[in-house]
Amino acid sequence: MAENVATKVREIIAEQAMVEPCEVALDATLESLGVDSLGLVETVFAIEEAFDVHVPFNANDPESKSFDISSVASIVKAVEALIAEAK
């Protein structure tokens, strides 16, 4: 399941960054991929829809540690944790 989560998260981010999923490295930041604040919000909504989870994200405070967006890998890890909590 973890590989599927990473693949889907990378696909979602790639769509917002308008790049191919293979170009979304796990150590990349959203900023380095060109995802702006609106793209970040759309990414959060897409993750919620794709995984049927609620992302504790505050668009007014994107640096909040409740959902780590510091890298693609940290987003994948946070989504995996949300999925585990939902079970």
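Brief remarks on what is shown
- When the chain is treated as a GNM with alpha-carbon contacts under 10 Å, the residue of Ala73, Ala14, Ala28 showing the greatest mean-square fluctuation is Ala28.
- Subtracting the Cα-Cα distance of Met18 and Asn4 from their residue separation scaled by 0.36 nm leaves 3.0 nm.
- Shape category assigned to the chain from the gyration tensor of Cα positions, a/c cut at 1.5: oblate
Bear in mind these aren't lab numbers, they're just calculated from the coordinates by the rules spelled out. Small disclaimer: the values here were computed from a predicted structure and weren't measured.
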